[in-house]
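Only one structure is covered here, and it is reproduced in the block below.
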Amino acid sequence: MERTEFSVFQVVPIVKYDWSDDLSMADNNTSAFNYRLVLGTDSLSNHAFGMAVDINPYLNPVINEEGRIDPPGASYVPGRAGTLDDSHPVVREFLNRGWRWGGHFRPKKDYHHFDKPG
């Protein structure tokens, strides 16, 4: 078994943010269950089914195709403690277990997101 030290900034139930994904992300909060829709759709997110997790979103932001970064003020610096990239053991382990990583999404990148396809 591989031992990996990985910094998770905090894990606070998202209800403490009034179920706001934006507020939770801006606070670099790692979260999983959140009964919400996929942004811009009428479809429930995998978070609504407990089949998704967002890890350190301020360190692993969403970068859309125009280059806008969410949460605002965040930056993606691979190699920084708590940041995920293709070679990171946390990413490899999720992928080995059949999960998807948002760092592979196109056209936007969702570096903090993992989900288990249904």
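Read-outs: derived from the displayed coordinates by stated rules, not from any lab. All of these numbers come straight from a predicted model, not from anything done at the bench. All Cβ positions, glycine included, derive from the backbone under ideal geometry; neighbour counts span all protein chains shown.
Here are some notes:
- Whole-Hz ³J(HN,Hα) from phi, Karplus 6.51 cos²θ - 1.76 cosθ + 1.60, for region 55-66, glycine and proline x: 10, 6, x, 6, 8, 10, x, 8, 10, 7, 5, 8
- 222 nm mean residue ellipticity, helices alone, for the chain (DSSP H n ≥ 4; -39,500 (n - 2.57); rounded to 500): -3000 deg cm²/dmol
- In sequence order, calculated HN-Hα J values of region 90-97 (Karplus, 6.51, -1.76, 1.60; Hz; x Gly/Pro): 5, 4, 4, 5, 4, 4, 4, 8
- Taking θ as phi - 60° and the Karplus parameters 6.51, -1.76 and 1.60, the scalar couplings of region 31-39 work out to 9, 10, 5, 7, 6, 8, 8, 5, 3 Hz in sequence order, x denoting glycine and proline.
- Protection-proxy order for peptides 44-52, 15-23, each taking the mean of Cβ atoms within 10 Å per residue, highest first: 44-52, 15-23
- Relative contact order of the chain, pairs being alpha-carbon contacts under 8 Å that are 6 or more residues apart, as %: 22 percent
- Directionally averaged shadow of region 30-118, computed from the convex hull of its alpha-carbon atoms, nm²: 5.8 nm²
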